[in-house]
Amino acid sequence: MGRSNFHIFPTMKTGLFFGSFNPVHTGHLIIANFMATRSDLKEVWMVVSPHNPLKPKSTLANDYDRLHLVRLAIDDNPLLKASDIEFSLPKPSYTIDTLTYLSEKYPGREFVLIMGSDNIATLHKWKNYEMILEKYAIYVYRRPDFVKGDLPDLPNVHYFDAPLLDISATYIRTCIKDRLSVRYLVPDKVYEYLEGSTMYRK
Ligand code: ATP
């Protein structure tokens, strides 16, 4: 078999949106879908962070329950995927290690980090952040209180204005604990699942 059978395929740009997703909410989904449909990304993977053994578990739900909720949330969207890749990597997980692992495992993909402007402002504290900036593109969506002037102008960092929903997982958990409705703050399937479970009730 000659070399003529060797084809070079274009790489598939894949966004990685990391989070504890405790639980996943509509704010997360707006960002994931925005990046999957308004940038050159072909897919967005929502990477569920496992419990960090160095941190107290406190209000963090079980890893697989949080993963299940992400799966329920994006089940009908072919552009979004849930990833449990960090569950089987050494803990605590560092983004550079996950990126390196994924890049080796999926040579046909080019991974891009998705993060809010609050995270890019503190990127210099991350393990091997220079390597992250050198090897990977970062797509940043602007979050309130971070005007462009505060943000680094770097070749691999691209800024996006995405619509933002002013909610957090902490707010959702508080509502559930106080027996207040979280309907529409989370996707319908997540809402229905939470209604029938005891997650975040105490
Ligand atoms: P918590 O309230 O428990 O800290 P969270 O809602 O901020 O949770 P994370 O799982 O930490 O959720 O979020 C994953 C990523 O999504 C983080 O980078 C976070 O900054 C971002 N994010 C969280 N809420 C929103 C939102 N409403 N709009 C856009 N991005 C968000």
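The values are calculated or read from the model by the stated rules, or taken from the named source; none is laboratory data. Treat the numbers as computed from the prediction; the structure is a model and nothing was measured. Counting neighbours? That spans all protein chains shown, and the Cβs are built from the backbone with ideal geometry, glycine included. For accessibility, only protein heavy atoms count, side chains too; no ligands or nucleic acids. Shrake-Rupley method; radii C 1.70, N 1.55, O 1.52, S 1.80 Å.
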>> Kindly evaluate residue 81 against the criterion of being exposed (fewer than 13 other Cβ atoms within 10 Å of the Cβ) and free of Cβ contacts under 8 Å to residues at least 60 places away in the same chain.
In response: no
>> I'd like the residue in the stretch 152-167 that is open to solvent by less than 50 Å² (accessible area, probe 1.4 Å) and part of a loop (DSSP other than H, G, I, E, B) and, out of all such residues, is nearest to the ligand (Cβ to nearest atom).
In response: 167
> residue 93 passes all but one of (1) modelled with pLDDT under 95; (2) in a helix (DSSP H, G or I); (3) open to solvent by less than 80 Å² (accessible area, probe 1.4 Å); which number fails?
Replying inline: (2)
> Which condition breaks for residue 72 when tested against (1) closer than 21 Å to residue 13 by Cα; (2) assigned to a helix (DSSP H, G or I)?
Replying inline: (1)
> Checking residue 28 against (1) under 19 Å from residue 112 (Cβ atoms); (2) in contact with a Leu (Cβ under 8 Å, 6 or more places away or on another chain); (3) of a type outside the set (Asp, Glu); (4) surrounded by 17 or more Cβ atoms within 10 Å (Cβ to Cβ), which test does it fail?
Replying inline: (2)
> Which one is nearest to the ligand (Cβ to nearest atom) among residues in the stretch 176-189 that are surrounded by fewer than 16 Cβ atoms within 10 Å (Cβ to Cβ) and of a type outside the set (Phe, Trp, Tyr)?
Replying inline: 177
> Out of 141, 129, which single residue is in contact with an Asp or Glu (Cβ under 9 Å, 6 or more places away or on another chain), within 16 Å of the ligand (Cβ to nearest atom) and under 23 Å from residue 96 (Cβ atoms)?
Replying inline: 141
> Could we say that residue 99 is more than 13 Å from the ligand (Cβ to nearest atom), open to solvent by less than 30 Å² (accessible area, probe 1.4 Å), more than 23 Å from residue 168 (Cα to Cα) and at pLDDT 95 or above here?
Replying inline: yes
> Any residue in the stretch 63-73 that is within 21 Å of residue 120 (Cα to Cα), touching a residue at least 12 places away in the same chain (Cβ under 8 Å) and under 14 Å from the mean Cα position of the chain (by Cα)?
Replying inline: no
>> Consider the stretch 20-41. How many of its residues are within 14 Å of the ligand (Cβ to nearest atom) and hydroxyl-bearing (Ser, Thr, Tyr)?
In response: 2
> Regarding residue 114, is this residue closer than 20 Å to residue 47 by Cα, within 16 Å of the ligand (Cβ to nearest atom) and among the hydrophobic types (A, V, I, L, M, F, W, C)?
Replying inline: yes
>> For a quick check of your reading of the model, give me the residue pairs whose first member lies in the stretch 101-116 and is assigned to a loop (DSSP other than H, G, I, E, B), whose second is modelled with pLDDT of 95 or more and hydrophobic (A, V, I, L, M, F, W, C), with beta-carbon atoms closer than 7 Å and at least 6 apart or on different chains.
In response: 108/12
>> When you scan the stretch 42-52, do you find a residue that is open to solvent by 40 Å² or more (accessible area, probe 1.4 Å), modelled with pLDDT of 95 or more and within 15 Å of the ligand (Cβ to nearest atom), even just one?
In response: no
> Pick from the stretch 117-126 the residues that are assigned to a helix (DSSP H, G or I) and more than 21 Å from residue 46 (Cβ to Cβ): which of them is nearest to the ligand (Cβ to nearest atom)?
Replying inline: 125
